[in-house]
Structures are given as structure tokens and as C-alpha cells.
1. Give me the residue from the stretch 130-151 that is charged (D, E, K, R) and assigned to a helix (DSSP H, G or I) and, out of that set, modelled with the highest pLDDT.
2. Can you pull out every residue in the stretch 1-19 that is within 28 Å of the chain's Cα centre (by Cα) and free of Cβ contacts under 8 Å to residues at least 60 places away in the same chain?
3. Tell me which residues, restricted to the stretch 103-129, are free of Cβ contacts under 8 Å to residues at least 60 places away in the same chain, outside any strand (DSSP E or B) and either touching a Phe, Trp or Tyr at 6+ places or on another chain (Cβ under 6 Å) or within 24 Å of residue 6 (Cβ to Cβ) (or both).
4. Restricting the first residue to the stretch 64-80 and requiring it to be closer than 13 Å to residue 109 by Cα, which pairs with a second residue that is of a type in the set (Phe, Trp, Tyr) meet a Cβ separation below 7 Å and a spacing of at least six or different chains?
5. Identify, by number, the condition in (1) of a type outside the set (A, V, I, L, M, F, W, C); (2) touching a Cys at 6+ places or on another chain (Cβ under 7 Å); (3) free of Cβ contacts under 8 Å to residues at least 12 places away in the same chain that residue 173 doesn't meet.
6. Filter the stretch 176-214 down to residues that are among the hydroxyl-bearing types (Ser, Thr, Tyr) and over 25 Å from residue 129 (Cβ atoms) and give me whichever is surrounded by the fewest Cβ atoms within 10 Å (Cβ to Cβ).
7. What helices (runs of 4 or more DSSP H), lying completely within the stretch 18-101, carry at least 2 residues that are surrounded by 12 or more Cβ atoms within 10 Å (Cβ to Cβ) and acidic (Asp, Glu)?
8. Going by what's in this entry, would residue 47 be described as under 22 Å from residue 114 (Cα atoms) and over 20 Å from the mean Cα position of the chain (by Cα)?
Amino acid sequence: MMMMGFSPPYVAQQLSALGFHKAVDLVAFDRPVADPLPPAVKRLAARLTDSDRVVVRQLDMSRYADELKTVIEIFNDAWSENWGFIPFTEAEMDHAARSMKPLIRPDFVWLGETDGEAACMIVCLPNLNEAISGLNGELLPFGWARLLWRLKVAGLKTGRVLLMGVRKRHHRSALGTVLLYAMLDRLQMSLMRAGFERVEMSWVLETNLPMRRVIEEIGGRAYKTYRIYEKEIA
């Protein structure tokens, strides 16, 4: 999946032999797009969006820079107490906004607002690795045509949710959980309209039990584990 690494199994044995040990595991979840959300989740999402206090909306491309800034501000707040977290700097925000823009689909990016303030967000990108598969890194002489065909005509079938979060003050609250369900409901409808078949949700800290429960409740299946190793060098 795009922006996700891969290591052959023997790497773990070699790292252990060099004195490295597990610091933390991160989990990637797989979910078929066509699987319906549980009825209880659909009911909660519908009830929430009937409220005048709550708005769930897609990204506004006419205000792209400001919208991405809001997304990253929510991310910085939502993840601030997670293991190993380092907040995005202003320069990194600008770089992320520029580099992601060619892949951004506004109907794949959703924000939840309560009382006029952005409280949560979800960002899904088409899986660029699917589009470049088999090109061997070569766009000439005909690779570029195959890439454009896959992106614009044939359409991709897989995507990755790479950012999802709720501001800290809404953590472990009914409002925060239901906002996530509402955004996931909107995203699923967008993915189905676009003909997508699978979506990966990654990565999630093994200790982030509230987020893991939300993903598992909508049918996400843990199918890959990424381990971060550490070694004391005192």
C-alpha cells in the first residue's frame, strides 16, 4: 500500500541478534468497501447529522491550503499523547499540502464540525502503488500512458486511510465516536461511487484501543503488523 514499507521476515531475526527489541507495534486494517456498516452505526450517524449543532462535510478545494491546515491541526491535537508523537511543523504542513494535492479527492476527505469548530477529520488517498504496478519505475516510452489510463480511465480499486483523528477534548466521548462513524459512513459512500473495492486503514498504534474498536466495529480486519525496534546505546 502506498507510503507503507515492507521488510522480509528474516529482518526481525537479524535485528534481534543485534540487540534490538520491540518498542511498539502498529496495525494495518483491511476492509472491503462493499461491506455494509453495522445498522447501529448507520443509525448513530444518521441521528447525529440531523442535529443543527453538527455538520459533516467534504473538503472544500477552493480553500485547499486552509482546509489541509485544519486537518493537520486536528491531527497534531488528536495524536499529541500517542507514543513517539512529534507534531507537524509549519514547513511540513506546507510540504504535505503541496505533495498530496495531485492525489486529493475532495469526496475522500471529510471533516466533522460541532458548534462551528472542526472536531475531527478523515483523509483517504487512492493507492498510487496500484497505478504504478508493473511500470518498474519507468514512465518512458509508454509508462506515462499506462499510468494516466489507470488513474483517469480504468480507475483504481484500492485506497488507504492515512489520517483519522478526533480532537482530544472529544476523546472517549459519545460525540467523538459518533462523529467518526458519520465520517466513515460518508467516506464509504464516496468509495463505492468511485468503484473502489478495498481500503486499508493504517497505521494504528496497538495501544490505541478506542480507535481499534471503532475500526473493528465497522468490519476492519487487522491484516498487517509493523514493528518499531529500539536499542539502548548508553
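1. 130
2. The answer is 6, 7, 8, 9, 11.
3. Answer for the stretch 103-129, where residues must be free of Cβ contacts under 8 Å to residues at least 60 places away in the same chain, outside any strand (DSSP E or B) and either touching a Phe, Trp or Tyr at 6+ places or on another chain (Cβ under 6 Å) or within 24 Å of residue 6 (Cβ to Cβ) (or both): just 103.
4. Cβ pairs passing all conditions: 72/88.
5. Here residue 173 meets the rest and fails (2).
6. 207
7. 64-78, 90-100
8. Yes: the conditions hold for residue 47.
The values are calculated or read from the model by the stated rules, or taken from the named source; none is laboratory data. Computed from a prediction, not measured in an experiment: that's the story for all the values here. Don't worry about glycine lacking a Cβ; one is built from the backbone with ideal geometry, like all the others, and counts go over all protein chains shown.
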